[in-house]
Amino acid sequence: MKGVILAGGKGSRLFPLTKVTNKHLLPVGNAPMIWHPAWKMKQAGIEEILIVTGTEHMGDVVRCLGSGKDFGCRFSYKVQDEAGGIAQALSLGENFAGGEEMCVILGDNLFQEELGPQVQAYAAQGGGARILLKAVPDPHRFGVAQVAGDRVIDIQEKPTEAKSDLAVTGIYFYDRDVFDIIRTIRPSRRGELEITDVNNAYLQRGKLSFGMLRGWWSDAGTFPSLARAGELATQEPMPFPDIPRED
């Protein structure tokens with residue numbers, strides 16, 4: 001399985017912190033934000049990882065992560081020329097994926113659970129897609145899933161009135177069909193290709209499963225959520241690389 005970390009966007013909700021840097025380079029706990037999903041993938045045995053980010057701060061992202069040697073991984077990079085949505089950013093990874101299954105994480109998602117069991121559950125599924133859900137007090141900020149037993153029956157993107165409290169976290173598993181699906185969806189009213197439309201396409205095919213994310217989870221796209229993620233992450237022992245300090 002290969003990994004994809006989506007770290008684009010302008011981070012406008014975190015302005016002026018993002019005036020001179022990429023949102024995903026901001027500190028969360030004792031490390032840059034983007035280190036967290038990279039380490040979660042490494043812990044799960046995913047060592048070939050693509051980072052997709054925008055043009056403005058690509059150099060800073062590369063300097064922060066390097067080749068992946070310090071992480072015991074191999075990092076590749078792809079530029080998203082303009083903000084076209086999560087699905088559009090993911091589409092840039094088609095050649096990198098090479099037909100293999102993928103774990104995709106939004107770069108501003110921080111969470112406690114190790115991914116190994118979810119990777120194994122998806123491998124046992126034999127293709128399709130898998131999303132991870134988390135009960136939250138403010139589901140209207142996210143994609144919201146309705147489930148019945150062990151099935152997802154509906155996903156809505158940031159509904160005004162949520163039908164459940166289950167947020168679709170920014171952690172996904174996809175097979176090679178995801179790229180064909182992305183080619184069929186149309187931009188939303190925001191002018192973006194929505195990942196919710198991709199997940200609903202898998203749902204309509206009967207090939208979407210879900211898992212419940214244990215432990216804490218937080219996005220870090222707003223000032224309150226960034227502060228919360230930092231507080232939670234500080235309490236977690238993370239085996240970040242011992243990168244030598246520059247003189």
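Using the 1.4 Å probe convention, the accessible area of the range 54-132 works out to 43 Å² per residue with neighbouring protein chains retained. Which of the lysines could be linked to LYS2 by a straight reach, that is with a Cα gap under 29 Å, when you skip same-chain ones fewer than 8 residues away? Once the sequence-local lysines are set aside, what remains near LYS2 is LYS10, LYS23, LYS40, LYS42, LYS69, LYS78, LYS134, LYS158, LYS207. Per 0.36 nm of contour for each residue apart, how much would the distance between ALA31 and ARG205 grow if the chain were fully extended, relative to their Cα-Cα spacing? Here the answer is 58.7 nm. Here the chain has 48 percent of its accessible surface on carbon and sulfur atoms, given a 1.4 Å probe and all protein chains in place. Among the trypsin sites (Lys or Arg not before Pro) within the range 135-164, those in coil by DSSP and having at most 16 neighbouring Cβ atoms inside 10 Å are LYS163.
Each of MET212 and LYS19 was given a label point 7 Å from its Cα along the Cα-to-Cβ line. The distance between the two points is 4.5 nm. Distance between the 7 Å Cα→Cβ label points at ARG176 and LYS163: 3.4 nm.
Among ALA135, LEU65, VAL119, which residue has its Cα positioned farthest towards the positive end of the charge dipole of the range 50-146, with +1 placed on the Cβ of Lys and Arg, -1 on the Cβ of Asp and Glu, and the dipole taken about the Cα centre? Sorting the options by dipole projection puts first VAL119. Taking every DSSP bridge with both residues inside the chain, close to 50 percent are antiparallel. Near GLU48, the amide H atoms lying under 5 Å from its own belong to GLY3, ARG74; only residues 5 or more places off or on other chains count, and H is placed 1.01 Å from N. The mean accessible area for residues of the range 137-247, using a 1.4 Å probe and ignoring ligands and nucleic acids, is 58 Å² per residue.
Since only LEU232, ASN200, TYR174 are under comparison, the one whose Cα sits farthest along the positive direction of the charge dipole of the chain, derived from C-beta charges on Lys, Arg, Asp and Glu, is ASN200.
Close amide H pairs (under 5 Å, H built 1.01 Å from N) link ASP154 with GLN146, residues at least 5 positions away or on another chain. Each 5 Å bin from zero holds the following percent of Cα-Cα pairs in the chain: 1, 6, 14, 19, 21, 19, 12, 5, 2, 0, 0, 0. For the chain, a Gaussian network of Cα nodes joined below 10 Å ranks MET58, MET212, MET33 by mean-square fluctuation, and the top entry is MET212. Loop-located GluC sites (Glu not before Pro) in the range 85-150 (DSSP state other than H, G, I, E, B) with a sparse environment of at most 15 neighbouring Cβ atoms within 10 Å: GLU100, GLU114.
The values are calculated or read from the model by the stated rules, or taken from the named source; none is laboratory data. Predicted model only: the values in this text are computed from it and were never measured. Quick reminder, even Gly has a Cβ in these numbers, built from the backbone with ideal geometry, and neighbours come from all protein chains shown. The area values use the complete protein model at the heavy-atom level, side chains included, leaving out ligands, DNA and RNA. Shrake-Rupley method; radii C 1.70, N 1.55, O 1.52, S 1.80 Å.
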